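Colleague: My structure is below; once you've seen it, I'll send some questions.
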Amino acid sequence: MQIAVVGSGYVGLVAAVCFAEMGHSVVCVDNDERKVKALQGGDTLIHELHLPELLKRHLNDGVRFTSDLAEATRTCQAIFIAVGTPQSETGDADLSYVEAVASKIARHMTSYKVIVEKSTVPVYTNEWIRRVIERNGVAREMFDVVSNPEFLREGTAVMDFLHPDRIVVGSETPRAAAVLAEIYAPLTDGSYYTTPNAIAGSFSKDAPPPLLNTSTKSAEIIKHASNAFLALKISFINAVANLCEATDANVEQVARGMGLDQRIGSRFLRPGIGYGGSCFPKDVAAFRSVADQLGIDFSLLNEVEKINWRQKARFLGKVRSALWTLRGKRLAVLGLAFKGGTDDIRDSPAVEMVQMLLAEGCSIRAYDPAAMERTKHVLPPAANLSYAENEYDAAHEADALLVLTDWKEFAELDLARLNQTLKYPIVIDGRNLFEPAVMQQHGFTYLSIGRPTVSPLRETVGTALAQA
Ligand code: UGA
């Protein structure tokens, strides 16, 4: 099928390339000429597993890039809107980009089109898009608007797209639902998984992913509710971690014990320095704002946010408890991205933590495998902030090492070498990447989240004691 994807951000670009991988003919539209040029030259612009390989495979064959939305509208039957929906000052989603794209599509429609909202949007957006298109003089029977939310995670976006836990299609007419069913057929009938060089994952020809048909409003709420629920799960385990610290229990054991209950599930129960990224903070705020507007008390979401904020302040307290005073301390920071596997620093708790530590008078030498270039735009190198070549370079002669992002390679560091490199063998781990007993064996004082602090001198020191 001829598909247009409007927007070449994380969601749009991954969707465009993956639709091409599924055998469709895709045109990806962006009004940023610089981006279009880079993509036409094969540069994905984002750090995403499998994406460069798939772009190379399909560039100018299955997928092409343009800034010409009018031409894309005329030639494609399905048009996916995947533009940004940033957070406005009041917390709700700013839908002006979505509206602008809908108006432009309306002005260039010459035959029946299915317009698909893929951006994360609040309930009722579908209806607004329909109204905008009708206001531009398009007859109702000339188009349908479908809600097809995306659940991909940065870092594993391609896998998530091609091996989705579920595909949600919210539509109001059988005709539109049939178009979406055809688009996703290579996944739902399993045929994609038998193609040569198919990206391997959890689904196969015999066990394909499910497609769930819903109303448009349900589909919109599914997206917001899913992200808000995952954020809630993280805040819940962070609050439990704090309780574990107060009692010398071990949150990893608690999370495992909880997660083995199939009704709870083990995923998204990793404690840390709080969730971040371009989705959870924005979507929790937007979902709460929708509830407010509808007069529904959803103050549970306020608590989710509050716990998330406090988690960062608590971590700062932990650093202070290990180092006593902060002014003048030289710290090694591992991790700047909002999570491992990505170069994205939007709403990154790691970057916020660096800013907080600089404000306390620390000097920092930071390393991240992918996010340093982006961070330099926000926090340029300065007398109190430098960027390292690698983990050991960051650790050289530092008073302590802080782990702020869960990169896999950090967990694989040579601990003996790390100990030798640091001035004082103190590691404060905001992501629980190491085993306390192993760190103790390697001579570290090791503080983590929701687990007793260990020190090479004393067997174990309760975190509560360390923080006293
Ligand atoms: C999230 C959702 O997981 C996707 O399903 C959704 O499609 C996407 O938002 C979106 O709306 O576009 P993403 O923001 O890429 O994906 O990242 P996650 O892997 O969900 O992590 C979000 C934050 O939570 C990160 O800061 C991560 O470090 C933190 N996290 C995650 C934890 O602190 N603990 C966990 O157990 C899991």
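The values are calculated or read from the model by the stated rules, or taken from the named source; none is laboratory data. These numbers come from a predicted model, not from an experiment. Here Cβ is always computed from backbone atoms with ideal geometry, including for glycine, and neighbour counts include all displayed protein chains. Please note that ligands, DNA and RNA were not included when accessible areas were found on the heavy atoms of the full protein model with its side chains. Shrake-Rupley method; radii C 1.70, N 1.55, O 1.52, S 1.80 Å.
Colleague: Can you pull out the GluC sites (Glu not before Pro) in region 62-147 whose DSSP state is coil and whose Cβ has at most 12 other Cβ atoms within 10 Å?
Modeller: Glu89
Colleague: Averaging over all projection directions, find the projected area of the Cα convex hull of region 270-315 and quote it in nm² with one decimal place.
Modeller: So the Cα hull casts an average projection of 3.4 nm².
Colleague: Next question, about the same structure. Mind grabbing the accessible area of Asp248 for me, 1.4 Å probe, Å², rounded to tens?
Modeller: Estimated to the nearest 10 Å², Asp248 gives 80 Å².
Colleague: Which values, in whole Å and largest first, are the semi-axes of the equivalent ellipsoid of region 308-467 obtained as the square root of 5 times each eigenvalue of the Cα gyration tensor?
Modeller: Equivalent ellipsoid semi-axes, largest first: 23, 17, 15 Å.
Colleague: If you don't mind, there's one more thing I want to ask. Within region 172-226, list the trypsin sites (Lys or Arg not before Pro) lying in a DSSP loop whose Cβ has at most 16 other Cβ atoms in a 10 Å radius.
Modeller: Answer by residue number: Lys205.
Colleague: Another one. Note down the net charge around Ile449, summing +1 for each Lys or Arg and -1 for each Asp or Glu among other residues with Cβ under 13 Å from its Cβ.
Modeller: Result for the neighbourhood of Ile449: +3.
Colleague: Right, another one. What translational diffusion coefficient, in µm²/s and rounded to a whole number, does the Stokes-Einstein relation yield for region 2-214 at 4 °C and a viscosity of 1.567 mPa s, taking the hydrodynamic radius as the Kirkwood radius over Cα pairs?
Modeller: Working: Rh = 17.3 Å.
It comes out at roughly 75 µm²/s.
Colleague: As a check on your grasp of the helix formula, calculate [θ] at 222 nm for the chain: sum -39500 (n - 2.57) over DSSP H runs of n ≥ 4, divide by the residue count, round to the nearest 500. Walk me through the numbers on the way to the answer.
Modeller: On the way: 19 runs with 203 residues, N = 468.
When only DSSP H runs of four or more count, the value is -13000 deg cm²/dmol.
Colleague: Next question, about the same structure. How large is the Kirkwood hydrodynamic radius of the chain, counting all unique pairs of alpha carbons, in Å? If you can, show how the numbers build up before the last one.
Modeller: Working: mean 1/r = 0.0419 Å⁻¹.
Here the Kirkwood hydrodynamic radius works out to 23.9 Å.
Colleague: Solvent-accessible area of Cys279, probe 1.4 Å, all protein chains present, reported in Å² to the nearest ten, please.
Modeller: 50
Colleague: Now for a separate question. Once you place label points 7 Å from the Cα toward the Cβ at Arg135 and Ser204, how far apart are they in nm?
Modeller: 5.2
Colleague: About its Cα centre, what dipole magnitude does region 265-368 give when the only charges are +1 on Lys and Arg Cβ and -1 on Asp and Glu Cβ, stated in debye to the nearest 20?
Modeller: 620
Colleague: Still on this structure, I have one more. Among the listed pairs Lys376/Lys423; Lys37/Lys282; Lys35/Lys118; Lys118/Lys312; Lys318/Lys339; Lys282/Lys329, which are separated by more than 23 Å between their Cα atoms? Can you show the working numbers first?
Modeller: Numbers: Lys376/Lys423 26 Å; Lys37/Lys282 29 Å; Lys35/Lys118 20 Å; Lys118/Lys312 32 Å; Lys318/Lys339 20 Å; Lys282/Lys329 34 Å.
Flagged as over cut-off: Lys376/Lys423; Lys37/Lys282; Lys118/Lys312; Lys282/Lys329.
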